[in-house]
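The structure is given below, and queries will be raised subsequently.
The values are calculated or read from the model by the stated rules, or taken from the named source; none is laboratory data. Note that the structure is a prediction, hence the values are computed from the model and not measured. With ideal geometry, Cβ positions are generated from the backbone for all residues, glycine too; neighbour counts draw on all protein chains shown. Keep in mind that these areas ignore ligands, DNA and RNA; they rest on the heavy atoms of the full protein, side chains included. Shrake-Rupley method; radii C 1.70, N 1.55, O 1.52, S 1.80 Å.
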There are 2 protein chains.
Amino acid sequence: MTKAKKEIRVRVWVDLDGERFFGPGRAELLQLIQDTGSISKAAKSMGMSYKKAWAMVDEMNEKAKKPYVIAQKGGQKGGGTEVTEAGKKMVDAYTRMMGRIQAIVEKDKSLLDYI
Amino acid sequence: MTKAKKEIRVRVWVDLDGERFFGPGRAELLQLIQDTGSISKAAKSMGMSYKKAWAMVDEMNEKAKKPYVIAQKGGQKGGGTEVTEAGKKMVDAYTRMMGRIQAIVEKDKSLLDYI
DNA sequence: TAGCGATATGTTCATCTGTACATATCGATT
DNA sequence: AATCGATATGTACAGATGAACATATCGCTA
């Protein structure tokens with residue numbers, strides 16, 4: 001038998017009213033939208049279907065106090081998507097929080113002894 | 001329109017080799033097994049089917065270095081389940097980690113501003 | 001006004017998940 | 001040996017999820 005590689009990765013989800021609202025996938029998606037200016041490019045870059053990415057964006061825009069992205073249809077380039085200040089700040093806040101949490105996890109690896 | 005209640009709950013999952021291995025549900029399940037001495041009672045207490053609870057226990061036992069629970073069949077009481085030292089320590093380590101993470105989340109609520 | 005490219009949305013199908021139900025198994029006690 | 005209660009496991013079905021595919025829509029540009 002081969003030796004099992006035991007990597008530990010901690011994933012943090014923020015629930016809203018009992019439902020998952022924000023997590024690593026959405027943070028990455030928003031970051032990629034910000035980088036590419038396009039939902040479809042971001043989705044392709046993550047290996048995710050455009051429809052799913054769009055649904056995520058739509059849900060976030062619906063549930064958040066202020067929309068995270070603003071999409072434009074038509075035009076020379078066919079359209080495009082911009083991440084709003086609220087979206088950027090959400091990603092930043094989540095990323096910072098993840099960083100602090102990762103630091104804690106790194107510091108206390110006692111979990112590893114029992115996995 | 002009614003004012004939406006915006007509660008934030010952070011859920012932490014520990015992935016193992018890319019798959020979810022341990023999270024809040026399993027921590028609660030193990031704790032309840034420890035309290036009740038029975039998988040079925042713990043499952044019922046969580047509103048979870050026995051089969052699913054058993055499958056979780058089985059998977060954890062399979063993947064962890066040492067089993068988290070040891071089950072006994074038969075006997076006067078029909079059987080029972082004991083949480084091992086490794087299992088207790090895993091729950092403790094996870095719970096402690098969650099506590100520290102919660103403390104961080106409490107301290108930095110900047111996320112709330114964008115939800 | 002025709003073309004382009006991205007947004008927006010619907011439909012279908014396979015897959016995964018969990019529930020519900022059924023059954024078998026075990027071992028101390030009676 | 002019959003009973004009991006919990007473990008152990010199989011099967012069938014419903015709901016959720018995601019992938020794949022197909023369209024429709026929009027607005028600038030040429």
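For residue A:28, place a label point 7 Å out from Cα along the Cα→Cβ vector, do the same in each other copy, and report the separations in nm, one decimal, smallest first.
Label-point separations across copies, in nm and ascending: 2.7.
Could you give the accessible area per residue of region B:22-108, probe 1.4 Å, as a whole number in Å²?
Normalised by residue count, the accessible surface of region B:22-108 is 57 Å².
Under a straight-distance cross-link criterion of Cα-Cα below 20 Å, which lysines are reachable from residue A:89, leaving out those fewer than 8 residues away in the same chain?
Partners within reach: A:63, A:65, A:66, B:6, B:107, B:109.
With n ≥ 4 as the cut-off for DSSP H runs, can you work out [θ] at 222 nm for chain A, using -39500 (n - 2.57) per run divided by the number of residues, rounded to the nearest 500?
-16500 deg cm²/dmol
Please list the three semi-axes, largest first and in whole Å, of the ellipsoid equivalent to chain A, using sqrt of 5 times the eigenvalues of its alpha carbon gyration tensor.
In descending order the semi-axes read 32, 17, 12 Å.
Right, here's the next one. How far is residue A:112 from itself in the other copies, in nm, if each label sits 7 Å out from Cα along the Cα-Cβ line, shortest first?
Distances between equivalent label points, in nm: 3.5.
At a probe radius of 1.4 Å, figure out the B/A buried accessible area, summed over both chains, and give it in Å² to the nearest 100.
Chains B and A together bury roughly 3400 Å² of accessible area.
With all protein chains present, how much of the accessible area of region A:18-114 (probe radius 1.4 Å) comes from carbon and sulfur, to the nearest whole percent?
Percent of accessible area from carbon and sulfur atoms in region A:18-114: 50.
So what's the angle, to the nearest 10 degrees on a 0 to 90 scale, between helix A:24-36 and the longest Cα principal axis of chain A?
Between the helix axis and the principal axis of chain A, the angle is about 40 degrees.
Rank-order A:87-93, A:75-81 by packing density, defined as the average count of other C-beta atoms within 10 Å over each peptide's residues, highest first.
With the highest mean Cβ count within 10 Å placed first, the list reads A:87-93, A:75-81.
Oh, and also: Just checking the output field for A:46-53: average partner chain Cβ neighbours within 10 Å of each residue's Cβ?
Across A:46-53, the average partner-chain Cβ count within 10 Å equals 0.
Okay, moving on. Give the calculated FRET efficiency between residue A:82 and residue B:70 to the nearest 0.05, with a Förster radius of 41 Å applied to their Cβ-Cβ distance.
0.15
So how long is each side of the protein assembly as shown along the principal axes, counting just the alpha-carbon atoms, biggest first, in Å?
Largest to smallest, the principal-axis extents are 76, 50, 33 Å.
To one decimal in nm, how far is residue B:79 from the same spot in the other copies, if labels go 7 Å from Cα toward Cβ? Please give the shortest first.
5.5
Given +1 on the Cβ of Lys and Arg, -1 on the Cβ of Asp and Glu, and no further charges, what dipole in debye does chain A carry about its Cα centre, rounded to the nearest 20?
Here chain A has a charge dipole of around 320 debye.
Taking each residue in B:60-68, count the Cβ atoms of any other chain within 10 Å of its Cβ, then average. What number comes out?
2
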